[in-house]
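Right, one structure below, let's go through it.
The values are calculated or read from the model by the stated rules, or taken from the named source; none is laboratory data. Predicted, not measured: the structure shown is a model, and the values here were computed from it. For neighbour counting, all protein chains shown are included, and Cβ atoms are generated from backbone atoms with ideal geometry for every residue, glycine included. Surface areas here come from the heavy atoms of the whole protein model, side chains and all, with no ligands, DNA or RNA. Shrake-Rupley method; radii C 1.70, N 1.55, O 1.52, S 1.80 Å.
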Amino acid sequence: MLPIDNPTKSYWIEAAESPLRNFRSSDELPKETDVVIVGSGYTGASTAYWLQKHTENNARQPKILMLEARDICGGATGRNGGQLRPHAYSRYPIWSSRFGASGALDLIKHEMAHLPAFKELLTSEGIAEEVCLKLGETFDAAMTEEAWTRLKGAYEAMKSDWGEDGEVIRDCRLIEDPKEAEEFTQMKGCLGAVVHPAGQVWPYKFVHALLRICLKTGNLNLQSNTPASSVSDRDADGWITVKTSRGEVRTKAVVHATNRWAAHLLPEFDNLISSARGTIAAVKAPEGFIKHTGAQHWDSLVNNYHNQLSPPYNTIMVGGAQAVLVHDLRQSSRNEREDQQFEGVPEFYKSWPKSDIIGWEGGETAQLGKGDHEGGVWTGVESRSIDSFPFVGAVPDREGHFIASAFTGHGMPRILLSTAHITPLVLKSLNFEFTSPALVKPYPSLPKPFLLTEERLKELQKVDGQAMFEESVRNGKESAKKWFCQDERSRPKAKEGLVNGNGKAH
């Protein structure tokens, strides 16, 4: 089970024009290495970066081989929405019901810590401007009374438990006047909004910048278009054999940074990690047109989200299109066809600015930043964890194997400090001396729900994933009946054949 080799083109990738896109450090793979990282996205790149930072002042640093099945960072990180947007309050009722008030706050604080962590890391490395980092405020715009009840209720629940001056909640605020909310969010018909700190970044450029930094040390061997086909257990001499399309490599440790694709090498995760196919578009817009990143909410399923890039790009990156997708969630859930566009979604995105944004003067049909099939609109596969939380840590009963996967479409404010957690585990298993860099010391430890344990693994293998999937499809159909999914641009179109990434029907 490997990703499709001809995915739709993403604006992030095409516009970046990175020299590392199909990079190979060497014509041949090394026969031996200290660590193999499988996957070259955000998880793989940040793991390589932390391995280097933890050992940079030592006489000995680990040699790392990074294997990527396709082009470098061509998966979920190169296809997401660019939002560095923590769940500052919105998941509080759900999380507090499962883990208590303190457990919920721990999860939230870990996500919020990614905002200063990104700023400190990117500033110290001199790449903040290159990767288009912006920090500021974001909003959740309630487009229906149903959404406002849920969003405001989450805010009030957290404030009730922790007080208005409690951690994180003191940095959030309500806009209850509809006129004020509409003006702040720029969303037509907004009834109210919750505002909180957030950021945005060019994820593909961020990953390529980290990899460039690691390559300069001489300790990283980066190999594109080299899928791993199998991994062994550690043998009596401490070696793990990784088989690839280009030969075998012996290593002392393997870090599985493949997100949705973890079960390809670790079948015990087959029922635990599933796929979700999402969609994003890049819309041309005047410079500085969008004031804040944000999201629109109609119910618990139907939403859009967006941000705008800095000059000279100026494109609005908009995702979601759930008003279209909920009509048949089988087209998105448990679906890996990122070589195909969703029927009707390109048209939905082109209509979105005029339909939804106050003051849009670009016409009824917006122009995309690139052609429909050249990076203007695309699909990508993200992961879904069966219990909604990633799996981070040493893999049970597999000595020398480590994982950070299944970030459930919300990796940007979770991964950086999750890979900082597994790095010491990897280095200890290799008997490497290390010193935690100053950057990671002040930030929260890994939340307990993220930790991979043998007990968690075994319990979740008993869960009926198929039943959960069928329930999600039914819930989607219920949302699809609501008025906001029944306008002309959202209703299913007559099917004349699926459209692939080259614009051809079949």
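When the range 384-411 is filtered for residues that are under 9 Å from the mean Cα position of the chain (by Cα) and open to solvent by less than 10 Å² (accessible area, probe 1.4 Å), only 407 remains. Count of the range 178-198 residues, restricted to those that are outside any helix (DSSP H, G or I) and free of Cβ contacts under 8 Å to residues at least 12 places away in the same chain, is 0.
One line per residue, one yes/no per condition, for (1) out of contact with any Leu (no Cβ under 8 Å at 6 or more places or on another chain); (2) assigned to a loop (DSSP other than H, G, I, E, B); (3) in contact (Cβ under 8 Å) with a residue 12 or more places away in the chain:
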{"position": "261", "(1), (2), (3)": "no, no, yes"}
{"position": "271", "(1), (2), (3)": "no, yes, yes"}
{"position": "276", "(1), (2), (3)": "yes, no, yes"}
{"position": "281", "(1), (2), (3)": "no, no, yes"}
{"position": "304", "(1), (2), (3)": "yes, no, yes"}
{"position": "307", "(1), (2), (3)": "yes, no, yes"}
{"position": "313", "(1), (2), (3)": "yes, yes, yes"}
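The one condition from (1) touching a helix residue (DSSP H, G or I) at 6+ places or on another chain (Cβ under 7 Å); (2) surrounded by fewer than 20 Cβ atoms within 10 Å (Cβ to Cβ); (3) over 28 Å from residue 238 (Cα atoms); (4) not aliphatic (A, V, I, L, M) that residue 436 does not meet is (3). Here is the figure for the range 65-97: residues that are more than 25 Å from residue 36 (Cα to Cα), part of a helix (DSSP H, G or I), touching a residue at least 12 places away in the same chain (Cβ under 8 Å) and not aromatic (Phe, Trp, Tyr) total 2.
When you scan the range 163-188, how many residues do you find that are closer than 19 Å to residue 90 by Cβ and not small (Gly, Ala, Ser)? Of the residues in that region, 14 qualify. Say whether the condition of being part of a loop (DSSP other than H, G, I, E, B) and under 21 Å from residue 333 (Cα atoms) is met by at least one residue in the range 365-380. Taking every residue of the range 365-380 in turn, none turns out to be part of a loop (DSSP other than H, G, I, E, B) and under 21 Å from residue 333 (Cα atoms). Checked against the criterion of being in contact with a helix residue (DSSP H, G or I) (Cβ under 6 Å, 6 or more places away or on another chain), under 25 Å from residue 271 (Cα atoms) and open to solvent by less than 20 Å² (accessible area, probe 1.4 Å), the range 415-432 has at least one qualifying residue. Taking the criterion of being within 19 Å of the chain's Cα centre (by Cα), in a strand (DSSP E or B) and not basic (Lys, Arg), the residues of the range 109-138 that qualify are 135, 138.
Could you tell me whether residue 381 is under 30 Å from residue 472 (Cα atoms) and either surrounded by fewer than 20 Cβ atoms within 10 Å (Cβ to Cβ) or in contact (Cβ under 8 Å) with a residue 40 or more places away in the chain (or both)? Against the criterion (under 30 Å from residue 472 (Cα atoms) and either surrounded by fewer than 20 Cβ atoms within 10 Å (Cβ to Cβ) or in contact (Cβ under 8 Å) with a residue 40 or more places away in the chain (or both)), residue 381 qualifies.
Flag: residue 159 matches the condition of being buried (at least 17 other Cβ atoms within 10 Å of the Cβ), touching a Phe, Trp or Tyr at 6+ places or on another chain (Cβ under 9 Å) and without any contact (Cβ under 8 Å) to a residue 12 or more places away in the chain. Taking residue 29, is it open to solvent by 60 Å² or more (accessible area, probe 1.4 Å) and over 20 Å from residue 428 (Cα atoms)? The answer is no for residue 29.
Evaluate the range 485-501: report whether one residue or more is over 29 Å from residue 115 (Cβ atoms), among the polar types (S, T, N, Q), open to solvent by 30 Å² or more (accessible area, probe 1.4 Å) and at pLDDT 95 or above. Looking for residues that are over 29 Å from residue 115 (Cβ atoms), among the polar types (S, T, N, Q), open to solvent by 30 Å² or more (accessible area, probe 1.4 Å) and at pLDDT 95 or above, one finds at least one in the range 485-501, hence yes. The numbered conditions (1) buried (at least 24 other Cβ atoms within 10 Å of the Cβ); (2) part of a strand (DSSP E or B) are all true for residue 34 except (1).
Looking across 217, 279, 251, 241, one residue alone is modelled with pLDDT of 95 or more, open to solvent by less than 10 Å² (accessible area, probe 1.4 Å), of a type outside the set (A, V, I, L, M) and over 30 Å from residue 476 (Cα atoms). It is 251. For the range 73-108, filtered to residues that are farther than 20 Å from residue 278 by Cα and within 18 Å of the chain's Cα centre (by Cα), the residue that is surrounded by the fewest Cβ atoms within 10 Å (Cβ to Cβ) is 91. Scanning the range 439-466 for residues that are in a helix (DSSP H, G or I) and either open to solvent by less than 10 Å² (accessible area, probe 1.4 Å) or small (Gly, Ala, Ser) (or both) gives 450, 465. From the list 222, 210, the lone residue that is modelled with pLDDT of 95 or more, assigned to a strand (DSSP E or B) and open to solvent by less than 20 Å² (accessible area, probe 1.4 Å) is 222.
Taken as a whole, the condition of being in a helix (DSSP H, G or I), touching a Ser or Thr at 6+ places or on another chain (Cβ under 7 Å) and not small (Gly, Ala, Ser) applies to residue 423. Only one entry in 347, 343 is in a loop (DSSP other than H, G, I, E, B), within 22 Å of residue 476 (Cβ to Cβ), among the acidic types (Asp, Glu) and open to solvent by 10 Å² or more (accessible area, probe 1.4 Å), namely 343. With the condition kept exactly as written, say whether any residue in the range 229-244 is of a type in the set (Val, Ile, Thr) and either in contact with a helix residue (DSSP H, G or I) (Cβ under 9 Å, 6 or more places away or on another chain) or part of a loop (DSSP other than H, G, I, E, B) (or both). No, every residue in the range 229-244 fails to be of a type in the set (Val, Ile, Thr) and either in contact with a helix residue (DSSP H, G or I) (Cβ under 9 Å, 6 or more places away or on another chain) or part of a loop (DSSP other than H, G, I, E, B) (or both). The set of residues in the range 282-322 being over 21 Å from the mean Cα position of the chain (by Cα) and either of a type outside the set (D, E, K, R) or crowded, with 22+ Cβ neighbours inside 10 Å (or both) consists of 285, 286, 288, 289, 290, 298, 311, 312, 313, 314.
Among the criteria (1) under 18 Å from residue 422 (Cα atoms); (2) free of Cβ contacts under 8 Å to residues at least 24 places away in the same chain; (3) not small (Gly, Ala, Ser), the one residue 17 does not fulfil is (1).
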